[in-house]
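Here the structure is laid out as structure tokens; the discussion comes afterwards.
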């Protein structure tokens, strides 16, 4: 009993333990189930409600669609106590249960940020999300990129160092790095990304995604 009281006192002094950040990719299943148009509208409405409910609960901090038609359909930035909990949030999506979407959930080691609220009337703004895909590497997943090498590359890529979200993806994941840049992709971005240490070593390739979120939700650009 006394240990419980002491433990509670320590938590009260130290404050709540910060939740970890997870990157949820909403992807198109290879064998997505077909439904009549009316049912698809119902699933989409339930999907959007699921995102909104978890946003209101503080589980999902940012969510939005991709602006081109490709296998990754959308992205959610989530906060949870564990990878298992983040997967539970993602897999409860009605569109996932209906096999219209599948989810990939990855631990994302970003610095603490302060998210905003959508500006009314709500509109979508486009950013550039870059993923470094290491799934095809014959050498296996590279070791976590040293912070100094990563910081040097990010400064070279954008001398202004204005990144919205940025951090390595940890664990045995398909991706090793992820960062979000303001604005849509630029024509020279792919060439610049060839200098990413993992890409340059031949163990990864960049995936460039125009991703949209509600205006005002992502934090102001910060130096990485």
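Throughout, read-outs are computed from the coordinates displayed, never taken from laboratory work. None of these values were measured; they are calculated from a predicted model. Here the Cβ is made from the backbone with ideal geometry for all residues, glycine too, and neighbour counts use every protein chain on show.
Observations on the model:
- Residues of the range 26-56 classified as over 23 Å from residue 167 (Cβ atoms) and free of Cβ contacts under 8 Å to residues at least 60 places away in the same chain, total: 19
- Selection of the range 178-194 for residues being closer than 21 Å to residue 115 by Cα and either under 13 Å from the mean Cα position of the chain (by Cα) or outside any loop (DSSP other than H, G, I, E, B) (or both) yields 178, 179, 180, 181, 182.
- If the condition is being within 17 Å of residue 175 (Cβ to Cβ) and not in a strand (DSSP E or B), then the range 195-223 contributes 196, 197, 198, 199, 200, 201, 202, 203, 204.
- Residue in the range 85-101 that is touching a residue at least 12 places away in the same chain (Cβ under 8 Å), part of a loop (DSSP other than H, G, I, E, B), touching a strand residue (DSSP E or B) at 6+ places or on another chain (Cβ under 8 Å) and under 24 Å from residue 133 (Cα atoms) present: yes
Conditions tested, residue by residue: (1) in contact with a strand residue (DSSP E or B) (Cβ under 6 Å, 6 or more places away or on another chain); (2) without any contact (Cβ under 8 Å) to a residue 24 or more places away in the chain; (3) assigned to a helix (DSSP H, G or I).
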{"residue": "112", "(1), (2), (3)": "no, no, no"}
{"residue": "128", "(1), (2), (3)": "yes, no, no"}
{"residue": "148", "(1), (2), (3)": "no, yes, yes"}
{"residue": "156", "(1), (2), (3)": "no, no, yes"}
{"residue": "168", "(1), (2), (3)": "yes, no, no"}
